[in-house]
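Heads up: the structure comes next, in structure tokens.
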Amino acid sequence: MRRPGRPGCYRIAVRHERLSRGGSEYVHRYLRQGRTLDVSLPRNNFPLVPAPEYLFLAGGIGITPILPMLRAVLAAGATGTLVYAGKSLATMPFAGELRSSHGDRVRIVATQQQTRPDFATLAAALGPRALVYCCGPASMLAAAQAVFPAERLHAERFRPVAKQFTPNKAFEVDCARSGQTIQVSPNESLLDALNHAGHRVASGCREGVCGSCEITVVDGEPEHRDDIGAPPGCMYACVSRATSHRLVVDL
């Protein structure tokens, strides 16, 4: 998250998940003050849309994108309130900071001791021009989607929604700039096939929720399997495949 008054400075929140794929463990075990890292420019698939009023809903580490949004909204003079839920205060990053900085604009709910937030009541009290921003576990997002109008709800997921697709089929990819043709077998991703062929396509989540592996499609029909919605003419190589026998991509 951006640090107020310090352009180019970001504060990063990473929960230590011992069953992660390695990123969380690496940050907590090996990174120390003074270590230099190479990073890419920030990518934002959860933009803050202008509105006069906001309701923010955060669950656990889902507070990470919500906290700077709340600050930005209040600094701009809009109305913003936050409902922040977690099992206990010990598992809720920034809870103390939020209470001291924003007072009654923030409601902290520790669900081991308190009743879970009633989203239906919050929806009934929502202003006519208010937007809702929600980031948290799947159960929280499902509860929000059940009561808030879809056109006013903006959500970010930790994990992709489970979906069913037809069985994977082999297809080929022509790389327009390099002239290389790559075969993608049913048991490998397009991302892995490109990387194995020498194309260093960036990747992050490898689940279709972050957008870092976006590539441009010149010809052919992609089968989009991501959770964020690829822009026209693009696809996310980590999970998406092809409905046509052949794709042409800008690599």
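Every read-out reported here was derived from the displayed coordinates using simple, explicitly stated rules and does not represent laboratory data. These figures come from a predicted structure and were not determined experimentally. Every residue, glycine among them, receives a Cβ derived from its backbone with ideal geometry; neighbour counts consider all protein chains shown.
Expressed as a rounded percentage, what relative contact order does the chain have, with Cα pairs under 8 Å and six or more residues apart? Don't jump to the answer; show the numbers that get you there.
Working: 402 pairs, mean separation 34.5, N = 251.
Computed value for the chain: 14 percent relative contact order.
Normalised by 2.2 N^0.38 Å, where N counts its residues, the alpha-carbon radius of gyration of segment 144-188 equals 1.98. Take the Cα radius of gyration of the chain and divide it by 2.2 N^0.38 Å, N being the number of residues; the result is 1.15. Just L41, L74, L141 to compare: in a GNM of the chain, with alpha carbon springs under 10 Å, which one fluctuates most? In this elastic network of the chain, the residue with the biggest mean-square fluctuation among L41, L74, L141 is L41. Restriction of the trypsin sites (Lys or Arg not before Pro) in segment 176-232 to DSSP coil positions whose beta-carbon has at most 13 other beta-carbons within 10 angstrom yields R177, R200. Once you've got the GNM for the chain with C-alpha springs shorter than 10 Å, pick whichever of C175, C210, C135 has the biggest mean-square fluctuation. Of C175, C210, C135, the Gaussian network model singles out C175 as fluctuating most.
Here the Gaussian network model covers the chain, with springs between Cα atoms less than 10 Å apart; of E172, E207, E97, E97 fluctuates the most.
As a ratio to 2.2 N^0.38 Å, the alpha-carbon radius of gyration for segment 145-251 is 1.13.
With the highest mean first, a sort of the peptides 32-38, 124-130, 160-166, 189-195 on other beta-carbon atoms found within 10 angstrom per residue produces 189-195, 124-130, 160-166, 32-38.
If both residues of a DSSP beta bridge must be in the chain, then about 30% of such bridges are antiparallel.
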